[in-house]
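Structure, as structure tokens:
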Amino acid sequence: MSEFDPNRTAPDQSTRKTGWGMPAGLFAALAIALLAIIGIGTRYHLRGDLNVIHCLLSLFFASNLVICYWEICLFLRRDYVETRAGYWRSRQRETGRTPAVEFLCAKVPFRRMLSPTVWADVWATYSLFDGSFSDRRSWGFNADVANGFVTPVPTLILYAACTVDFMPAVLAGIVGLALSWQWSYVTSVYWVSFFMARRQRHITRGELYVYIGALNAPWVLFALLGVYVSGRLILDGSYSVLGY
């Protein structure tokens, strides 16, 4: 069966014979942890200390880089996501299980861990909570695709600057201020668009709090922390806010 077939079975069914694979959610968590540890470990190796703000920002930058890859997958497999959402909707009716949880717990073969088609299921399952991600005309779809292509490079630059202060603090602050404000603004508008379209009527209160609220909150809360840190970098002219 082709991997582009929207009716293909859940990922775990393709690894039952060999067992060579890993749950999608575990792989994502490990990728975020590794990217965060690179920054935290580098600082500790060079300076022999840890800083709470730097650790929090490292975790957020790492999360954004992984999400950016997913968002690129959303663009590359946009047709597939639109049709695949129907499969997960039918599967939910048949099994009674939450598709997002089922996908994240499903075992993915190691050879397909970076497959855009595999990670397109992130958006196909999320579409059951917010249909805008299977509609390329929506704000949510286009805002996330834009984040996926636009923010990885400045995220890496800011991550490196906060870790090894390789560029003037004022310049790092300008990059951070622009990037952090963009994150908080775009996510806030996404929430507004969600409620203006009354999509909350189609999901439970728990799903609203978890999938729409909690999963998007870091791109406002950590972004506001980024605004504060960036402002200090500019005003202080140094990395003292990060303990340097």
On the accessible surface of the range 173-244, probed at 1.4 Å with all protein chains in place, carbon and sulfur together account for a percent value of 69
Applied in sequence order to the range 199-210, the curve 6.51 cos²θ - 1.76 cosθ + 1.60 (Karplus, θ = phi - 60°) yields integer Hz couplings, x standing for Gly and Pro, of 6, 5, 6, 9, 10, 7, 5, x, 5, 4, 5, 7
Most packed first (mean Cβ within 10 Å per residue), the peptides 129-141, 96-108 order as 129-141, 96-108
Connecting every pair of Cα atoms under 10 Å apart in the chain and solving the GNM, the largest mean-square fluctuation among G148, G213, G226 falls on G213
The rounded separation in angstrom of the Cα centers of the range 195-220 and the range 75-128 is 19
Here the membrane-span-like helices of the chain, with no claim about any membrane, defined by DSSP H, Cα axial extent at least 30 Å and mean Kyte-Doolittle at least 0.0, are 24-47, 52-76, 169-196
Under 5 Å from the placed amide H of A197, counting only residues 5+ away or on other chains, we find none
The chain, Gaussian network, Cα under 10 Å: of L46, L30, L224, the residue fluctuating most is L46
So the compactness index of the range 104-224, its C-alpha Rg divided by 2.2 N^0.38 Å, takes the value 1.23
Eigenvalues of the alpha-carbon gyration tensor of the chain, times 5 and square-rooted, give semi-axes in Å, largest first, of 35, 22, 14
Rounded to the nearest 10 Å², the accessible area of F149 using a 1.4 Å probe with every protein chain kept is 110
For the chain, the dipole about the Cα centre with charges only on Cβ (Lys and Arg +1, Asp and Glu -1), to the nearest 20 debye, works out at 620
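The values are calculated or read from the model by the stated rules, or taken from the named source; none is laboratory data. Please read all numbers here as calculations on a predicted model, not as lab measurements. FYI the Cβ positions are ideal-geometry reconstructions off the backbone, even for glycines, and counts take in every protein chain you see. SASA here: full protein model, heavy atoms, side chains in, ligands and nucleic acids out. Shrake-Rupley method; radii C 1.70, N 1.55, O 1.52, S 1.80 Å.
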